[in-house]
Amino acid sequence: MTIDKTAIRNAATVIAVRDRLTQPKVLMGQRGSKAAFMPNKFVFPGGAVDAADFSVPLARDFHATCAARLAENVSDDISHALGVAAIRELWEETGLVLGQQSPWQGAVPEDWVEFAEAGFSPSAHPLQFVFRAITPPGRPRRFDARFFLVDAAEIASDLDDFSRAEDELSHLQWIALDDVRGFDLPFITEVVLAEVAHRLHDTEPPANVPFFHNDTEESLFLRLDGKGPLSGRSISEDD
């Protein structure tokens, strides 16, 4: 199966989960009313991969299972850039640090100066690849988004300090999973949250990853599992 990449940007999204074994909460914020993509919706931190993400060093790469799933059903393995983008977007949109204390390798890019000055280098190892989705045709912007689950205990900074966040997301907050469906959520976020709820007690990355694939003809719910050709069933937003 091939994917039409026309006007589709690779993207990374971070689902930070706090108190996952007791009273699980996820970190979300609200997009602005004038945003071109999903205005007013409550979303996870995330965004498109930038060209600079390919050259930012990682202190640790992805877990081997995640790396294998990320390299599946793609023309080029961009897992490194996806890990960097996920950590960068979390940093920019929330001010939270996902990294390990270690010297930066080489010159520090402008966007990472404050991150590095705090004594950290980005680390993709805590990120678990749990979902992939392509925005359906007809939307103002389309993304091939990879969703990464991370336990909040892996975040190196104060979980309630959003003072260094940029202004792309407002009302940043930790929302109890029991309450999150009361917020204005995109359809795909609801689907991903259901997957997260099933994974709260799993500490290892999933061996197979759901893939909500949208092409010009139909939407399919597939699985990335390392077993060869993809198969799945048709799905709609009414399912």
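FYI, it's all coordinate maths here, none of it is from the lab. Just so we're clear, the structure is a prediction, and the values are computed from it rather than from any experiment. No Cβ is skipped: glycine too gets one built from the backbone with ideal geometry, and neighbour counts run over all protein chains shown.
Rank these for me by crowding, Ile8, Ile134, going from fewest to most other beta carbons within 10 Å.
Ile8, Ile134
At a 10 Å Cβ-Cβ cut-off, how would you order Leu127, Leu222, fewest neighbours first?
In increasing order of surrounding Cβ atoms, one gets Leu222, Leu127.
Apply 1/(1 + (r/R0)^6) to the Cβ-Cβ distance of Ser170 and Ala64, taking R0 = 45 Å, and write down the FRET efficiency to the nearest 0.05.
In this case the efficiency is close to 0.75.
Can you tally the net charge around Pro45? Count Lys and Arg as +1, Asp and Glu as -1, for every other residue whose Cβ sits under 12 Å from the Cβ of Pro45.
Net charge around Pro45: -3.
Where Lys and Arg each count +1 and Asp and Glu each count -1, what net charge lies around Thr65 among other residues with Cβ under 15 Å from its Cβ?
Around Thr65, the surrounding residues sum to +1.
What residue among Pro122, Pro205, Pro186 has the largest mean-square fluctuation in a Gaussian network model of the chain, using Cα springs under 10 Å?
Pro186
Ranked highest first by average number of other Cβ atoms within 10 Å, how do 142-149, 156-163 line up?
Ranking, from highest mean packing down: 142-149, 156-163.
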